[in-house]
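Visitor: Starting off with a structure, shown below.
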Amino acid sequence: MTKGDNDNTKLEIEVKNLALPSRVVSGTTTYVVWLQPDGETAMQNVGGLKVDEDLVGTLDTLTPYTAFVVLVTPEVSAQVTAPTNKAVFTSRVESAD
């Protein structure tokens, strides 16, 4: 996590040895990254992880938030509006500012 343009938080996610989503939950095709900003209950879909042939998933994004929880869930589509499966990865992120 670093500062991006306009004081946004630049978030770079890399997950190694990631199983194909369909092996985690039948019928899923992608992993979606969610942010839950501090003080909010709603999750925000910030994009799908791009998974390469070495099973490394990556996503680079910007957010105006400096403290939030990141979740990654297997989903049937990258366009889902709320998580429908349990998270395979969760992490709390907080700026050192």
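Visitor: Among the residues of segment 7-14, is any touching a residue at least 60 places away in the same chain (Cβ under 8 Å) and crowded, with 17+ Cβ neighbours inside 10 Å?
Guide: We begin by selecting, within segment 7-14, every residue touching a residue at least 60 places away in the same chain (Cβ under 8 Å); these are 9, 11.
Then drop every residue that is not crowded, with 17+ Cβ neighbours inside 10 Å, which leaves 9, 11.
Yes, there is a match, as at least one residue in segment 7-14 is touching a residue at least 60 places away in the same chain (Cβ under 8 Å) and crowded, with 17+ Cβ neighbours inside 10 Å.
Visitor: All but one of (1) part of a loop (DSSP other than H, G, I, E, B); (2) among the aromatic types (Phe, Trp, Tyr); (3) out of contact with any Asp or Glu (no Cβ under 8 Å at 6 or more places or on another chain) hold for TRP34; state the number of the condition that does not hold.
Guide: (1)
Visitor: Let me ask something additional. For residues that are in a loop (DSSP other than H, G, I, E, B) and small (Gly, Ala, Ser), scanning just segment 10-31, find the one that is modelled with the lowest pLDDT. Talk me through it step by step, then tell me what you get.
Guide: Initial filter on segment 10-31 (in a loop (DSSP other than H, G, I, E, B)): 16-20, 25-29.
Add one more test, that the residue is small (Gly, Ala, Ser), and what stays is 19, 26-27.
Values: ALA19: 92, SER26: 97, GLY27: 96.
Across segment 10-31, the extreme among qualifying residues is ALA19.
Visitor: Just a yes or no: is a residue in segment 37-47 modelled with pLDDT of 95 or more and β-branched (Val, Ile, Thr)?
Guide: For segment 37-47, residues modelled with pLDDT of 95 or more and β-branched (Val, Ile, Thr): present.
Visitor: Of all residues in segment 45-85, which are among the acidic types (Asp, Glu) and touching a residue at least 40 places away in the same chain (Cβ under 8 Å)? Spell out how you get there, then give the answer.
Guide: Narrowing segment 45-85 to residues among the acidic types (Asp, Glu): 52-54, 60, 75.
Within segment 45-85, ASP60, GLU75 meet the criteria.
Visitor: I've got another one for you. Quick check on segment 63-81: of everything there that is hydrophobic (A, V, I, L, M, F, W, C) and under 12 Å from the mean Cα position of the chain (by Cα), which residue is nearest to THR28 (Cα to Cα)?
Guide: Restricting to residues being hydrophobic (A, V, I, L, M, F, W, C) and under 12 Å from the mean Cα position of the chain (by Cα), the top hit is ALA78.
Visitor: Another question about this same structure. State all residues of segment 35-57 that are closer than 19 Å to LEU20 by Cα, surrounded by 13 or more Cβ atoms within 10 Å (Cβ to Cβ) and out of contact with any Gly (no Cβ under 8 Å at 6 or more places or on another chain); if no residue qualifies, say none.
Guide: Passing the criteria: GLY47, GLY48, VAL56, GLY57.
The values are calculated or read from the model by the stated rules, or taken from the named source; none is laboratory data. Here the structure is a predicted model, which is why all the values come from computation and not from measurement. For neighbour counting, all protein chains shown are included, and Cβ atoms are generated from backbone atoms with ideal geometry for every residue, glycine included.
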